[in-house]
Amino acid sequence: MPPLDDQHRTSRLFPDLHGHGLWLRPWDPDSDTDAENWLRGVTDPDFALWNTPLTLIDDLAGAREALRRKAGMAAEGTSASYRIDDESSGTTLGHVGVNGINHVFSTARVSYWVLPEARGRGVATRALRLASHWAHTELALHRLELDHGVGHEASCRTAERCGFRYEGTLRGSMFEAGRHDAFRDAHLHARLATDPERG
């Protein structure tokens, strides 16, 4: 049997997810539209205020390379990066990821962002519920962690609505906005597979 390419391997490991009016599917590095939407998401001023990726992206080539890296991690089974689409229209709304998957310790870290025009509609909450339920049930992960910069109240509310309890402050654990030489504190939230489901 011939070896699977990254896209086929990814689809076997991490299937599309449906629920809460959303369709979660892997980002496609070969899609112009996906690269454009990724670039819009990670260069949005609100995203940049709270997130500083290791590799800063400012053009389509950088966006494609980021999506290729994510596809590679998905093929290895260590990270699932999902494009959030509206289930009825297919419009891309944002991103949700289940990252750093560790089956030995049964843990992963989750992340999300929403495009500016899709904010205020509960997209992050619905996507996080869908992705975390899948991670707890289908991936059989016991603990999911989520962190955000102190002061990011919208992210804090999303975490708590999805049953990610606040566990404390991680001192100097995140880069300051736009910098790799300065740090800021983050709030840590976590959800266990044994925690009760939220509506």
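The values are calculated or read from the model by the stated rules, or taken from the named source; none is laboratory data. The model shown is predicted, which means the values in this text are computed figures rather than measured ones. Quick reminder, even Gly has a Cβ in these numbers, built from the backbone with ideal geometry, and neighbours come from all protein chains shown. These accessible areas exclude ligands, DNA and RNA; they are computed on the full protein's heavy atoms, side chains included. Shrake-Rupley method; radii C 1.70, N 1.55, O 1.52, S 1.80 Å.
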For the chain, which whole-number percentage of the solvent-accessible area (1.4 Å probe, protein heavy atoms only) is attributable to carbon and sulfur atoms?
53
At 222 nm, what value in deg cm²/dmol follows for the chain if DSSP H runs of at least 4 each add -39500 (n - 2.57) and the sum is divided by all its residues, to the nearest 500?
-10000 deg cm²/dmol
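Let's see if you can work this out: charge +1 on each Lys and Arg Cβ, -1 on each Asp and Glu Cβ, no other charges. What is the dipole magnitude of segment 83-191 about its Cα centre, in debye to the nearest 20? Each step should come with its number before you reach the end.
Working: 14 positive and 13 negative charges, 39 e Å.
Result for segment 83-191 is approximately 180 debye, rounded to the nearest 20.
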Please list D46, D195 in order of solvent-accessible area, largest first, computed with a 1.4 Å probe with all protein chains present.
D46, D195
The chain: radius of gyration over Cα atoms, expressed as a fraction of 2.2 N^0.38 Å
0.98
Which order do F164, F47, F183 take by accessible area at a 1.4 Å probe, largest first?
F183, F47, F164
Please list, in order, the residues from segment 42-59 whose amide nitrogen is less than 17 Å from a point placed 7 Å along the Cα→Cβ vector of S31.
42
Taking the simple approach of a point 7 Å from Cα along Cα-to-Cβ for both T169 and E76, what is their distance in nm?
3.4
Just read off the accessible area of D32 with the full protein assembly in place, 1.4 Å probe, to the nearest 10 Å².
90
Suppose all protein chains stay in the model; what accessible area per residue would a 1.4 Å probe give for the chain, in Å²?
51
For the chain, whose charge dipole is built from +1 on Lys and Arg Cβ atoms and -1 on Asp and Glu Cβ atoms, the candidate among L141, F183, L56 with its Cα farthest towards the positive end is L141
